[in-house]
1. Quick check: anything in the range 117-137 at pLDDT below 95, of a type in the set (D, E, K, R) and either touching a Pro at 6+ places or on another chain (Cβ under 8 Å) or part of a loop (DSSP other than H, G, I, E, B) (or both)?
2. Step by step: first the residues of the range 122-133, then only those that are of a type in the set (Ser, Thr, Tyr) and loosely packed, with under 14 Cβ neighbours inside 10 Å, then the one that is farthest from residue 257 (Cα to Cα). Which residue is that?
3. Is there a residue being closer than 17 Å to residue 91 by Cα, buried (at least 20 other Cβ atoms within 10 Å of the Cβ) and either without any contact (Cβ under 8 Å) to a residue 40 or more places away in the chain or over 16 Å from the mean Cα position of the chain (by Cα) (or both) anywhere in the range 175-185?
4. Can you tell me how many residues within the range 210-231 are farther than 25 Å from residue 270 by Cα and part of a loop (DSSP other than H, G, I, E, B)?
5. Within the range 243-254, identify whether any single residue is among the polar types (S, T, N, Q), in contact with a helix residue (DSSP H, G or I) (Cβ under 9 Å, 6 or more places away or on another chain) and either at pLDDT 95 or above or not in a helix (DSSP H, G or I) (or both), and answer yes or no.
6. Among the candidates 267, 262, which residue alone is surrounded by 14 or more Cβ atoms within 10 Å (Cβ to Cβ) and under 22 Å from residue 197 (Cβ atoms)?
7. Report every pair of residues separated by at least 6 positions or lying on different chains whose Cβ atoms are under 6 Å apart, first residue within the range 119-139 and within 21 Å of residue 106 (Cβ to Cβ) and without any contact (Cβ under 8 Å) to a residue 40 or more places away in the chain, second small (Gly, Ala, Ser) and assigned to a helix (DSSP H, G or I).
Amino acid sequence: MTKGISVKRPWPHFGSETCPRAVFLHKWLSGGETSAITQEFQACKHMMEIADENLAECYHHKFNIHRYSNKGTEVAVPANRMTLMRSTMVRFRTERLLLEGLDESSSGMVLAFIQKNRDFLAPWEPIRTEEYYTLDHQSRMLREEEASMAAGQLYKLWLRKKEEAEPRIIGSVTLNNIIRGSFHSCHLGYRLDRDEMNQGYMTEALKKVIQIAFGELNLHRIEANIMPRNQASLQVVEKLGFVPEGLAKKYLNINGNWEDHIHMTLINQAWKV
């Protein structure tokens, strides 16, 4: 087993050391061939949730290790792997919203949001094929996004209203292209239901996501690239403290055209190693 990792005994829920889920845990923590983006990850998702619920202590500075326990079983893992374990199934609350990570079991809700806002979002997104508006495609995208979150490359939260009895997605916020090393930066993307505009929902959601990005994820910089004609989006990020750093000419192909984008950034002034 990799140095710095100790597993005192198998998880009680898994029965024995030969249990597939216990073997998966051992391989994943020890840097073996099995990884969080394989099929075993789906089977072990509940185990990840148990680990998150029983997080006891964090050691960031000297050992860079998280230590957690579950009914007397103590496991120590490097902090970067613990972060991966905690990043896939999450939920946060704001005054009016629920922000949560979704898996493919929610593909129906996601598809309903995509189909409803197809024409509304088209001017601000790449050209989509007809396949994009199918349940199979959205299910596959959710699986890929879950894997990217587990790998620490993406952090995506879907938005719902707290007071609504029937679950319905009204938008999403994504931190993508997360890069560590000497960069510790990401790109910000977001979209909102056409019927929920001008009510402050996106500002409310972004405030929370910025807290997560600069807190739990310990990012130093958030970058948002916005077309000059998208004044509503520019006003949202300006309100939250983003500042322009220049104009990128013909930066992204949006709706079939190469569009200029204003490079807006927000710096985490309290960032620490």
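The values are calculated or read from the model by the stated rules, or taken from the named source; none is laboratory data. It should be emphasised that the depicted structure is a prediction, and the values quoted were computed from it without experimental measurement. Heads up, the Cβs are rebuilt from the backbone with ideal geometry, glycines too, and the neighbour counts pull from every protein chain shown.
1. no
2. 133
3. No: the range 175-185 contains no residue that is closer than 17 Å to residue 91 by Cα, buried (at least 20 other Cβ atoms within 10 Å of the Cβ) and either without any contact (Cβ under 8 Å) to a residue 40 or more places away in the chain or over 16 Å from the mean Cα position of the chain (by Cα) (or both).
4. 4
5. Within the range 243-254 (the criterion being among the polar types (S, T, N, Q), in contact with a helix residue (DSSP H, G or I) (Cβ under 9 Å, 6 or more places away or on another chain) and either at pLDDT 95 or above or not in a helix (DSSP H, G or I) (or both)), the answer is no, since none of the residues qualifies.
6. After applying the criteria, what remains is 262.
7. Cβ pairs passing all conditions: 135/107; 138/107; 139/107.
Conditions (1) exposed (fewer than 14 other Cβ atoms within 10 Å of the Cβ); (2) polar (S, T, N, Q), marked per residue:
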site	(1), (2)
97	no, no
106	no, yes
113	no, no
117	no, yes
120	no, no
135	yes, no
142	no, no
151	no, no
